1. Is it the case that residue 100 is buried (at least 20 other Cβ atoms within 10 Å of the Cβ), β-branched (Val, Ile, Thr) and within 22 Å of residue 27 (Cα to Cα)?
2. With the requirement that a residue be out of contact with any Gly (no Cβ under 9 Å at 6 or more places or on another chain) and more than 19 Å from residue 175 (Cβ to Cβ), what does the range 335-366 give you?
3. Determine whether residue 112 is closer than 26 Å to residue 333 by Cα, part of a helix (DSSP H, G or I) and modelled with pLDDT of 95 or more.
4. Looking only at strands (runs of 3 or more DSSP E) that lie completely in the range 192-285, which have at least 3 residues being within 27 Å of residue 359 (Cα to Cα)?
5. Scan the range 1-44 residue by residue and report those that are in a helix (DSSP H, G or I) and in contact with a Leu (Cβ under 8 Å, 6 or more places away or on another chain).
6. Restricting attention to the range 283-307, which residues are among the hydrophobic types (A, V, I, L, M, F, W, C) and without any contact (Cβ under 8 Å) to a residue 40 or more places away in the chain?
7. What number of residues within the range 376-393 satisfy the criterion of being over 17 Å from residue 281 (Cα atoms) and either among the hydroxyl-bearing types (Ser, Thr, Tyr) or free of Cβ contacts under 8 Å to residues at least 12 places away in the same chain (or both)?
Amino acid sequence: MPRNVAIVGTGQTKYTTARNEETYEELIHQAARIALEDAELTLKDIDAVVISQAPEALFGIDHPERWVVGAAGAIGKPVMRVHTGGATGGSAAQAGFFHVASGLFDTVLVVGAEKQGDTPDAQLVLNRIMEPRYELPFGLNAISMTSFQAVRHMHKYGTTQEQLALVAVRSRRNALNNPYAHIRANHTVADVMKSRMLCWPLKLLDCPPRSSGSCAIVMASEERAKGMGKPVAWVRGVGATSTTYYMGDKLSGLPFNEHGDWDELALAAQHAYKQAGITKPGDEIHVAEIYAPFTICEVAAKEALGFCEKGQACPLEEKGWWDIDGHLPTNPSGGALASNPIAVTGLARVAEAALQVMGKAGQRQVDGAGTAVATAIGGTLQFHTVMVVSNRL
């Protein structure tokens, strides 16, 4: 049987457009140091290191895992680099979990950094992630493939642009309480609606910023965690699924390829919920940190995660269901709409979920947050991860 695992420390730096004052290695070191201090551990206590690093093309360093062994304190220790696009942070956290749950290691550091601000070509890179022979010539990119999801959801459920705008308004309002957040603003629905159209129906304020920064978590075995005598976040369940790379297949209506819904995320959640013993996620989960770089992504994710019926996330948004003082607070940190350091956006969701159940989230703390869920998505909306954390075993 796998061992119980806890998150015992988290560390984040401020997310912003560019971090020109630090090198990539320095950002890695900063987040690792903060997480270790939070866990009240030193590098000598760490048995292995997982590097969370998405495409190096975003900041121009080839094979960054080679550069940061020293900065991450990994000299003389096993190192694994994880890369599943935007889902990288979620996948890296799960790799760290498996390292400890397997019994091979007692304490593992999961750390990553993003420096999109180092290149003027980040959007060009993201514009070329589609399948090159059939789909790239059609001009598909990260924004247009997500706009198709929005159009499909609108067609099936009557979702409106104004309802999507409410997601952006809530997210960036929540970010006002997050000292790490990149975009913190009191936007209105009117602000979102009049922002520049990028790909109908998604407008500029429906989309994430280009963020740089770093994040780390420390994971430990049950024996080590209980010996610390402090609040920890127990990992109660994990799940991961993948789906087709091809956007054409996603629009085919075949199983797990209904683009307006996220059945593949639902499957990952089912795996995690089964492990955690969750049967009514809408009631048993107290806070959600969802990797939603576009407003429609959060809408589809909440429905796939079983928080409500399909087509009901937006009507519930209008009722304040997802507010920080609502029934199921979602992205109290502001989420990816406030900060999107791609290599660690998913890892930040895990860190924020852990902070919530440990009662250490500061002004963004949700009252009574005993169980939280964190998700990540990556590739062409292709990879999905789900992790359930709790303040109790």
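1. Values: buried (at least 20 other Cβ atoms within 10 Å of the Cβ): yes; β-branched (Val, Ile, Thr): yes; within 22 Å of residue 27 (Cα to Cα): no.
Considered against the rule, which asks whether it is buried (at least 20 other Cβ atoms within 10 Å of the Cβ), β-branched (Val, Ile, Thr) and within 22 Å of residue 27 (Cα to Cα), residue 100 comes out as no.
2. Answer for the range 335-366, where residues must be out of contact with any Gly (no Cβ under 9 Å at 6 or more places or on another chain) and more than 19 Å from residue 175 (Cβ to Cβ): 358, 359.
3. So residue 112 fails the test.
4. Values: elements: 197-199, 212-221, 233-242.
Correct list: 212-221, 233-242.
5. Hits for the range 1-44 are 32, 35, 36, 43.
6. From the range 283-307, those among the hydrophobic types (A, V, I, L, M, F, W, C) are 285, 287-288, 290, 292, 294, 296-297, 299-301, 304-305, 307; that's our starting set.
Across the range 283-307, the qualifying residue is only 307.
7. Total satisfying the criteria: 1.
Here is a yes/no grid of residues against (1) closer than 19 Å to residue 90 by Cβ; (2) surrounded by 22 or more Cβ atoms within 10 Å (Cβ to Cβ):
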site	(1), (2)
206	no, yes
210	no, no
214	yes, yes
217	yes, yes
229	no, no
235	yes, yes
248	no, no
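The values are calculated or read from the model by the stated rules, or taken from the named source; none is laboratory data. Remember, predicted model here, so these are calculated numbers, not experimental data. Quick reminder, even Gly has a Cβ in these numbers, built from the backbone with ideal geometry, and neighbours come from all protein chains shown.
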